[in-house]
1. Spin-label point model (7 Å from Cα, Cβ direction): what's the Arg67 to Tyr31 distance in nm?
2. Within a Cβ distance under 10 Å of Arg184, other residues only, what is the Lys/Arg minus Asp/Glu net charge?
3. Work the Kirkwood hydrodynamic radius out for segment 19-102: mean of 1/r over every pair of different alpha-carbon atoms, inverted, in Å.
4. Any chance you could list the semi-axes, whole Å, largest first, of the equivalent ellipsoid that the Cα gyration tensor gives for segment 32-170, using √(5λ)?
5. Is there a quick way to get the dipole size of segment 32-170? I mean about its Cα centre, with the Cβ of Lys and Arg at +1 and of Asp and Glu at -1; what is the value in debye to the nearest 20?
6. Could you state the number of Å between the C-alpha centres of segment 24-69 and segment 105-125?
7. Given R₀ = 30 Å, what would the calculated FRET efficiency be for Asp88 paired with Thr129, taking r from the Cβ atoms and rounding to 0.05?
8. With equal scatterers on the alpha carbons only and no solvent term, can you work out the Debye log10 of I(q)/I(0) for segment 105-189 at 0.18 1/Å?
Amino acid sequence: MGTRVVTVNDVLDGHVALDIECLDRIYLNGYVPILQSSGQVVAFLCQHLGYPFPSPALFDKIGQRFRAAVVSFAQAGAIPWVKFAKGDRKLEVMRPHLDRQAATGRSGVAAIGVAQESQRVWSACQRTTTTGAPQFAFTKADRRVSCYYFYLWDADFGPAFIKVCAYFPYPIKLWVNGHEWAKRQAAKAGLAFTELSNGFAGLRPARAAPGDLRPARASHHQRLRAAVACLPAAAVG
């Protein structure tokens, strides 16, 4: 009989005290469906907004209005304003603001960050016509533009952000973390846990003595797994 190969699972079997199956970092991309082709851009500017001519100068005009609205929103809510520098680890920069919002126990915008980043946006070039009337061709190009990061603390999902590009066609990105969601659900279920920056180090009953970990691991492990199992539906719902 040949020698059986010992796997990692064999070594860990019977020694794992906490096993979590959970989505980690989740990125959801958003876009405006009617701004994805050049014809749609022209229709949006002329038919939807009512401008007589689809000039690319309108891109900046609309963007400036959005930037002013973001500044007004931050000032009205006394929301901290952060300008990211090149190479900044954004989550670390925002951590004090997120912790302060979390301490209130209320969902809300913890801070707004702004950065110059390369994005796929609409660009335009003027075409020569036989009549001499101005005419523009719209194409997608990579440009460095302003992006706003609305860092949130949510009662269900914990820290998150919504990133909005301030230029046509205004793509957005939403980030949440499955482990942070699981921590919120564990706390609501009355479970005390030792957390890591992106996960769990240990779990014990909320009213147990600090060293009393082993007796309750099985039941609380099952409760935590049941909570985490709901994550995919909650993330997209």
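Coordinate-derived values only; no laboratory data. Since this is a predicted model, take the numbers as computed values, not measurements. No Cβ is skipped: glycine too gets one built from the backbone with ideal geometry, and neighbour counts run over all protein chains shown.
1. Spacing of the two 7 Å Cα→Cβ label points: 2.5 nm.
2. With Lys, Arg at +1 and Asp, Glu at -1, the neighbours total -1.
3. One over the average 1/r among Cα pairs gives 17.1 Å for segment 19-102.
4. Result for segment 32-170: semi-axes of 37, 15, 12 Å.
5. Roughly 280 debye, rounded to the nearest 20.
6. A separation of 15 Å, based on Cα centres.
7. E(calc), rounded to 0.05, equals 0.05.
8. -0.82
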